[in-house]
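The values are calculated or read from the model by the stated rules, or taken from the named source; none is laboratory data. Here the structure is a predicted model, which means the values were calculated and not measured. Every residue, glycine among them, receives a Cβ derived from its backbone with ideal geometry; neighbour counts consider all protein chains shown.
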Amino acid sequence: MLGIVAAIVLFIAFLINAADLSTNDVFTSTNVMLIGLALLALHVSGVGGWATRGRRR
């Protein structure tokens, strides 16, 4: 789930950078990109995924 959110946030960062939009100091393309990379790191480390229980036999 966090991987999908990270992809969306990184795409928004790309759009801000590509369109050269002037945003306030909080939502610059670099800050949004860093948030996306943090979400991607959390996804890779296993945080925020669906917990699967062991197989029932």
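A quick yes/no check of all residues on (1) modelled with pLDDT of 85 or more; (2) polar (S, T, N, Q):
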| site | (1), (2) |
| --- | --- |
| Phe11 | yes, no |
| Asp20 | no, no |
| Asn24 | no, yes |
| Leu34 | yes, no |
| Ala38 | yes, no |
| Val47 | no, no |
| Arg53 | no, no |
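Please determine, by comparing only the residues of the range 23-46 that are touching a helix residue (DSSP H, G or I) at 6+ places or on another chain (Cβ under 9 Å) and of a type in the set (Ser, Thr, Tyr), which one is surrounded by the most Cβ atoms within 10 Å (Cβ to Cβ). It would help to see each step written out before you state the result.
If we filter the range 23-46 for residues that are touching a helix residue (DSSP H, G or I) at 6+ places or on another chain (Cβ under 9 Å), which is where we start, we get 23, 25, 27-44.
Keeping just the survivors that are of a type in the set (Ser, Thr, Tyr) gives 23, 28-30.
On the way: Thr23: 11, Thr28: 16, Ser29: 18, Thr30: 10.
Ranking the candidates gives Ser29 first.
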